[in-house]
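Input: a single structure, listed below in structure tokens.
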Amino acid sequence: MTFHLTRRSRLSTGLVAALAASALALTACSSGGTTDSAYPAKTVEMVVPYAAGGPTDISARALAKGMEASLGAKVIVVNRPGASGITGTAEVASAKTDGYRILYNTGDAFVQSGIRTTPYKFDSFTPVAGVISQPYILVASAKSGIKSFEDLARTSGLTYAVTGIGTPTHLNTAMLFDGLKVRATAVPYDGAGPATQAVVGNQTKVAMLDASVVMPFVTSGDLTPLAVVTPDGKKLDYVDAPTIQEKGVDATSMTMTVWGVAVPAKTPEDIVKKLREATLAAAQTSEFVTFTEKNYMPRLEGDNETNWYTNLKTTAETTKAALAKFGIELK
């Protein structure tokens, strides 16, 4: 049997089809799918919640450049500094879930949501990929008279520079001095650069800071390396200093700086997949590998990469415990 549609019937049928297509599109979006198979069709903004020139910014720019080839679109870095990374992180948490505004961030800014009130939580984001980590080097000013870890362990009344109250540089160093039974006072600075300069100028005696920031001053002789803190407890081949574990310090509760890419929660799965493929591909290019080696930033691999975001939730719990132990209040 053959059916013949009138003009009105054909229009009605077309309308029904259009409404059905719209319903399917809405269902796809709400279930984590996407109707934009051409993604990305325009420039992708990579938000960095810190000022230009720091480790987060320079590594983001290197990664963004490498992602462009896989995505087939421009990836630009947009700096949104403020409130120890919270301002820019919150901005992305509330962004559209279309994949055109992504976040490149340190783990610490995510951890903040687990230890204080922030405009976002861990479940405000979908993790895309872990990228790099950063060992810490415990350094002393060359003008301080502290030449070794043993000198540090028998010197009380010290001041040490940190990159903010409650940050890993603060809590890790507090744990260190607590274990050594050494009395010391934290002096907060607005970022790793100013903190490093404070130690170089002997305004504070010591600091436990990112290797990428302090190594130029170790090389120049302005800073003396006393010990290193690494994720696997192994020595660094580019600095002549023992690990703190070798010196009998319990480092199990200390945390490392990690960087990763995330997007707002409920971003469609296929967009997340494209971004993950592009991120991992960029991290494996010879240019990015050379960059990480030059800047002392080991790439995250294996379980450390796969579980980077889950591990940050554990870090939030250990950070909470450390804050309570040392009576540190976050504002």
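Coordinate-derived values only; no laboratory data. Fair warning: this is a prediction, and the values are worked out from it, not measured in the lab. All Cβ positions, even for glycine, are placed from backbone atoms using ideal geometry, and neighbour counts span all protein chains on display.
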Worksheet entry | HN-Hα J in Hz across the range 259-269 - Karplus 6.51, -1.76, 1.60, θ = phi - 60°, x for Gly and Pro | 10, x, 10, 9, 10, x, 4, 6, 5, x, 4
Practice prompt. Between residue 147 and residue 324, with labels modelled 7 Å along Cα→Cβ, what's the label distance in nm to one decimal, could you check?
Written response: 4.4
Item to complete: Take every DSSP beta bridge with both residues inside the chain and express the antiparallel ones as a percent of the total, to the nearest 5.
Response: 60
Worksheet item: Which shape class, rounded, prolate or oblate, goes with the chain when its Cα gyration tensor gives a ≥ b ≥ c as root eigenvalues, a/c under 1.5 marks rounded, and past that a/b bigger than b/c marks prolate?
Response: prolate
Worksheet, complete the sentence: Gyration tensor on Cα atoms of the range 137-232, a ≥ b ≥ c root eigenvalues, a/c under 1.5 rounded, else prolate if a/b beats b/c, else oblate, says rounded
Worksheet item: Build a GNM of the chain with springs between Cα atoms under 10 Å: which of 169, 252, 56 gets the top mean-square fluctuation?
Response: 252
Discussion item. Need one number: nm distance between label points at residue 197 and residue 43, each 7 Å from Cα along Cα→Cβ, rounded to one decimal.
Written reply: 3.0
Discussion item. With an 8 Å Cα cut-off and a minimum separation of 6 or more residues, compute the relative contact order for the range 82-169 in percent.
Written reply: 23
Worksheet entry | Contour excess over end-to-end distance, with Cα ends at residue 286 and residue 185 and 0.36 nm allotted per residue | 32.1 nm
Response to the item:
With a 25 Å threshold on alpha-carbon distance, the violating pairs from 205/247; 266/313; 65/294; 205/294; 121/320 are 205/294
Response to the item:
Tilt, helix 308-326 to longest principal axis of the chain (alpha-carbon atoms), in degrees rounded to tens, equals 40
Practice prompt. Give the distance, in whole Å, between the Cα centre of the range 212-271 and the Cα centre of the range 78-150.
Written response: 14
Worksheet entry | Simple spin-label estimate for residue 76 and residue 240 in nanometres, 7 Å along Cα-Cβ | 4.8
